[in-house]
Each structure stands twice: as structure tokens, then as C-alpha cells.
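Since the structure comes first, as C-alpha cells, the remarks are kept for the end.
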Amino acid sequence: MLNDYRLKIIVSIVVVSIIAVFSLDPIAQDPGYHNFADRRNLLSIPNFFDVISNLAFVIVGAMGMRLVGSGLATGGLPELKAVYMTFFIGVFLTGFGSAYYHFHPDNQALLWDRLPMTVAFMALFSAIIGETISPRIALKIAIPLLVSGIASVVYWHLSELNGRGDLRAYVLVQFLPIVLIPLILWLFDSRLNGNKYIWGVIGAYALSKVMELFDAPIYSALGVVSGHSLKHLIAAFATFIFYLALRNRRILSA
């Protein structure tokens, strides 16, 4: 397995990405990041729609935890049950962390948004590795990936407190899996049918990032909902697609 050229490609991309990102100067959090377009107050809740749209994460996260915990996630690999559960726990907690952040957006609150989000990212990445490359490898690297993800957020937070904000590690943790997951799906055959679900997750998440990027223009155009609120809903839908995958896929015969 370690001599597989496909793994060498993936490891090379990881190494090159780490070198490239850390060759850059430290990246501080842009204060303008907290200036979201929709600041409407409703029911005494500031930024109401950016706050309440996080309920979608709580709902889907709870659905996923129930599915995995009940043993009904027949569309996944039994060996990866703990990884699937960790993913949905991360999504569930992201709903609360992101709602807390949007109630009063600043760097202090952003910590509690990013921590559970990173747990979900790393667990999903581990799950994809397990379903395609090897469940054994996935289980070996799941804890190191989770620790590295959490550490990247904690490091960023401490660096901001010390007046030398540095997002480089967090950038790697968030965006490297987005690059690697499509490559892994292309290079390796899944042990499960229905790769369309995983591509759906990728597509929905990519769309959510577009919504985030165009937060203000979307709000100006629609006047009802902002791009960032839509980002929450579409990202939660991406999680729901993975939920459907764990219900509907089947393990392929060897």
C-alpha cells in the first residue's frame, strides 16, 4: 500500500502544500470578516437570520447521530462507525458554535464556530479515506487529523491574542481536504456504491462557499436573505446528502 503511486501523489501534494503555505508570512484574521450583510434584529436576537439558519446544522447533526447510533447507517462501512459519529457530532456542535458567533461576531466568538467545524471537516476527510483507500489507514490517522484540526484553531486563537494572528495552519486544515477529496475519489474506487452522494456533498459545499463570498450582493439583490445565511443552509444540505449516503449506499462485493 505504501508503495502505491496514488498515495505518493497525495502525500506529495500534502507536503508541497504545507511548505507553500508556511513559506508565506503569517495571515491575521481580517477584521472585516465579521461585517456581515444582514444585521436585522428580530425577536431581540441580533443578526437573526445568520443566527437562526444554524438550526439546520443542529437538525441534520442530530439526525445523523441518531442514524449512526441506532446501527442503521447501512450505507457506510461498519469499521468507520466512530468516524461517522464524530462527523455528525461536529456538525451538531457547529450549529451552536456558529449561532453563538453570529449573535456577536468577533474573534473571541469565532473560536467556538471554528472548533466544531474543524472536527466535522477532519472526520469527513477520514471517512472518505476509509471508504476509498483503507479503513485501517483511516482509523490510524483519524485522531491525529482531529488533533491537528483542533490545534490549528487553538493556535490561530492564541496568535490573535498575542497580537500576531496566524491563520496558516487553519487554512491548510480547511482547504487541503477540499482539494484532496475529489482527487482521492478519482484515483481510488470506493468500497461503496453511490459516489454521486459524495460528489453531491462536494458540490453543495462549494456552492455554500460561493454564497459566503457574495454575502452582500446576494442580500442586496434578494432583500430577504443574505448570502451568508444561504451558506449555512446549503452547507447543512451538504451534510444531509452525506446522511442520505449512509442510509442508501451499499457495500460492494470484493
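Since every read-out is calculated from the coordinates, none of them should be taken as a lab result. Not measured: the values here are computed from a predicted model. Here the Cβ is made from the backbone with ideal geometry for all residues, glycine too, and neighbour counts use every protein chain on show.
Brief remarks follow.
- Just checking the listed ones, H102, H228, H34: in the Gaussian network model of the chain with Cα springs under 10 Å, the one fluctuating most is H34.
- Candidates S23, S148, S98: whichever shows maximal mean-square fluctuation once the chain is modelled as a Gaussian network with Cα springs under 10 Å: S23
- Residues whose amide H falls under 5 Å from that of L192, counting only those 5 or more places apart or on a different chain, are L252, with hydrogens built in the peptide plane.
- With a cut-off of 18 Å on the backbone N, the residues of segment 235-254 near the modelled label site 7 Å out from N193 along Cα-Cβ are 244-254.
- Note on the chain: dipole from Cβ charges, positive end direction compared against A238, V201, T132; the farthest Cα belongs to T132.
- Positive end of the dipole of segment 157-251 (Cβ unit charges, origin at the Cα centre): among I181, H228, N162, the Cα lying farthest that way belongs to I181.
- Sparsely packed trypsin sites (Lys or Arg not before Pro) within segment 1-77, loop by DSSP, other Cβ within 10 Å at most 16: R39, R40
- Model label points for Y5 and L139, set 7 angstrom from Cα along the Cα-to-Cβ axis, are 3.1 nm apart.
- Summary value for the chain: 25 percent relative contact order, contacts being C-alpha pairs under 8 angstrom separated by 6+ residues.
- Options [x] 56, 42, 30; [y] 56, 48, 32; [z] 58, 36, 35 - which one matches Cα extents along the principal axes in Å as calculated here: [x]
- Among S70, S152, S190, the residue with the largest mean-square fluctuation in a Gaussian network model of the chain, with springs joining Cα atoms closer than 10 Å, is S70.
- Gain on full extension, evaluated as 0.36 nm per residue between I45 and Q108 minus their Cα-Cα distance, stands at 20.8 nm.
- Gyration tensor verdict on segment 148-254 (Cα atoms; rounded if a/c is under 1.5, prolate if a/b is larger than b/c, oblate otherwise): oblate
- Per-residue Karplus couplings for segment 37-46, computed as 6.51 cos²θ - 1.76 cosθ + 1.60 with θ equal to phi - 60°, are listed in order as 6, 9, 10, 5, 9, 9, 6, 6, 10, x Hz, Gly and Pro entered as x.
- Given +1 at the Cβ of Lys and Arg, -1 at the Cβ of Asp and Glu and no other charges, the dipole of the chain around its Cα centre is 820 debye to the nearest 20.
- Loop trypsin sites (Lys or Arg not before Pro), segment 164-254, which have at most 12 other Cβ atoms in a 10 Å radius of their Cβ (DSSP): R164, R250
- Rounded, prolate or oblate (a/c below 1.5 giving rounded, otherwise prolate when a/b exceeds b/c) for segment 6-114 by Cα gyration tensor: oblate
- The angle between the Cα long axis of helix 195-213 and the longest principal axis of the Cα atoms of the chain comes to about 20 degrees, rounded to the nearest 10.
- Segment R250..I13, full-extension length gain: 82.2 nm, with 0.36 nm per residue of separation and the alpha-carbon distance subtracted.
- Long-range lysine pairs (8 or more apart or interchain), the chain, Cα under 22 Å: 6
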